[in-house]
Amino acid sequence: MNKKEKQNAVPIWEKAALSIEEAAAYTGIGENKLRELTQYDDCDYVIWVGNKRLIKRKKFEEYLDKAYSI
């Protein structure tokens, strides 16, 4: 990442949607477990952009707040 990209980078906690890698770093949940959780059609906190899956940060935080275990 060059200097200009670093200046324009948005912190993870301010992003609306996170990649699997970003979500794993943000939550401490493994990438494989995140892929497993987001593979179902009824998952309301995932956005598909082509083959790329993005996790809606706020919706996912709400899901985690309500979850007993994953």
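Okay, here's what the table says:
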| quantity | calculated |
| --- | --- |
| Output for the range 46-70, where each listed residue is closer than 14 Å to residue 34 by Cβ, under 10 Å from the mean Cα position of the chain (by Cα) and touching a residue at least 12 places away in the same chain (Cβ under 8 Å) | 47, 53, 54, 55, 56, 57, 59, 60 |
| Residue within the range 58-67 that is not hydroxyl-bearing (Ser, Thr, Tyr) and not in a helix (DSSP H, G or I) present | yes |
| Residues located in the range 11-30, provided they are surrounded by fewer than 13 Cβ atoms within 10 Å (Cβ to Cβ), modelled with pLDDT of 95 or more and charged (D, E, K, R) | 21 |
| Count of residues meeting criterion [among the hydrophobic types (A, V, I, L, M, F, W, C) and surrounded by fewer than 14 Cβ atoms within 10 Å (Cβ to Cβ)] in the range 48-70 | 5 |
| Flag for residue 33 being surrounded by 10 or more Cβ atoms within 10 Å (Cβ to Cβ), without any contact (Cβ under 8 Å) to a residue 24 or more places away in the chain, outside any strand (DSSP E or B) and basic (Lys, Arg) | no |
| Any hit, the range 25-33, residues being out of contact with any strand residue (DSSP E or B) (no Cβ under 7 Å at 6 or more places or on another chain) and among the polar types (S, T, N, Q) | yes |
| Flag for residue 40 being more than 24 Å from residue 9 (Cβ to Cβ) and among the hydroxyl-bearing types (Ser, Thr, Tyr) | yes |
| Looking only at the range 5-28, and only at residues there that are assigned to a loop (DSSP other than H, G, I, E, B) and under 10 Å from the mean Cα position of the chain (by Cα), the one that is nearest to residue 52 (Cα to Cα) | 19 |
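The values are calculated or read from the model by the stated rules, or taken from the named source; none is laboratory data. The shown structure was predicted, so the numbers you read here are calculated from the model rather than taken from an experiment. In this analysis, Cβ positions are derived from the backbone assuming ideal geometry, glycine residues included, and neighbour counts consider all displayed protein chains.
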